[in-house]
Amino acid sequence: MLILGIETATDQVGCAIGGHEGVLASFHAARGRRHAEILTPSIEFTCRQARVDLREVGVIAVDLGPGLFTGLRVGVATAKAMAQALRVPVIGVSSLDLLAFAVRYTNRLVVAVIDARRGELFYAFYRQVPGGVQRLSEYQLGAPSDVASELLARGEECLVVGDGALRYRSVFEDVARTEFGTVGNAHPSAAALVELAHPRALREEFVQPWEVAPLYLRRADAEVNWELRPLRQGAGLRQRRTA
């Protein structure tokens, strides 16, 4: 069974193809917020490199987030469209799970953190278990200082990975017994997505394309601005009347 993995939760766009033989080919690129432009050509390129016809794909795996709104919409919409066109099921995996899986061999407490912008982080805690990692917390949204305070209270040896770790390294450096991931594991990996999806595919833990939804954890700026629009217009009108 061949699995096509689609990963677009952060600034990086990635895709990979693999199955019981492992990952056959993968592609990753980080060029700003050009997810819609890069994703389809990258899938075509990866298929050529793996010498796989798209019609041979039996499952679509997709990163559900949390992450950047635009990237997640592009990735999930593409995964749903392709799954419907190919008439295959979907497996969804969290971006934070992918970050933790990439460093699964550490004995430290794994803290996966993704830059959520607005001075916040998406994060979750993990522990190594045979064959992978186990999530110890809910997927959360919070300020870097709050995450650092929680780590300080735990008092454990920690490995902080993700682009949030790179951006807010100075905040976490004050926490004793903390190590940091590198640029190489700062983004969720499409190859890891295929690896995680494969055993779930064997267990037939599928969902149908129309059931797939991104994991946002918070509302988009556009939605908030639209709801606040009448209040802002009213405030502007009152200011003009009193001028």
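For this structure, a couple of remarks:
- When Val88 is tested against the conditions (1) of a type outside the set (Gly, Ala, Ser); (2) under 15 Å from the mean Cα position of the chain (by Cα); (3) closer than 20 Å to Arg203 by Cβ, the lone failure is (2).
- Those strands (runs of 3 or more DSSP E) of region 51-144 in which at least 1 residues are of a type in the set (Asp, Glu) and crowded, with 23+ Cβ neighbours inside 10 Å, considering only elements entirely within it, cover 57-65.
- Test: Ala9 is in a strand (DSSP E or B), closer than 21 Å to Val59 by Cα and in contact with a strand residue (DSSP E or B) (Cβ under 9 Å, 6 or more places away or on another chain): no
- Checking each residue in region 32-41 for being in contact (Cβ under 8 Å) with a residue 12 or more places away in the chain and surrounded by fewer than 20 Cβ atoms within 10 Å (Cβ to Cβ) picks out Gly32, Arg33, Arg34, Ala36, Thr40.
Residue-wise test of (1) in contact with a Cys (Cβ under 7 Å, 6 or more places away or on another chain); (2) outside the structural domain of Gly67 (by TED's automatic domain parsing); (3) touching a residue at least 60 places away in the same chain (Cβ under 8 Å).
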residue: Val129; (1), (2), (3): no, yes, no
residue: Gln134; (1), (2), (3): no, yes, no
residue: Leu151; (1), (2), (3): yes, yes, no
residue: Asp163; (1), (2), (3): no, yes, yes
residue: Phe172; (1), (2), (3): no, yes, no
residue: Pro199; (1), (2), (3): no, no, no
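- Residue list for region 1-53, filter: farther than 22 Å from Ser94 by Cα and acidic (Asp, Glu): Glu21, Glu37, Glu44, Asp53
- For region 145-168, a residue qualifies if it is under 21 Å from Ser95 (Cα atoms), in a helix (DSSP H, G or I) and aliphatic (A, V, I, L, M), and the qualifying residues are Val147, Ala148, Leu151, Ala165, Leu166.
- Test result for Ala192, surrounded by 13 or more Cβ atoms within 10 Å (Cβ to Cβ), closer than 20 Å to Leu98 by Cα, of a type in the set (A, V, I, L, M, F, W, C) and assigned by TED's automatic domain parsing to the domain that holds Ala30: yes
The values are calculated or read from the model by the stated rules, or taken from the named source; none is laboratory data. In this text the structure is predicted, and so the values were computed from the model without any measurement. Using ideal geometry, Cβ is built from the backbone for each residue, glycine included, and neighbour counts are taken over all protein chains shown.
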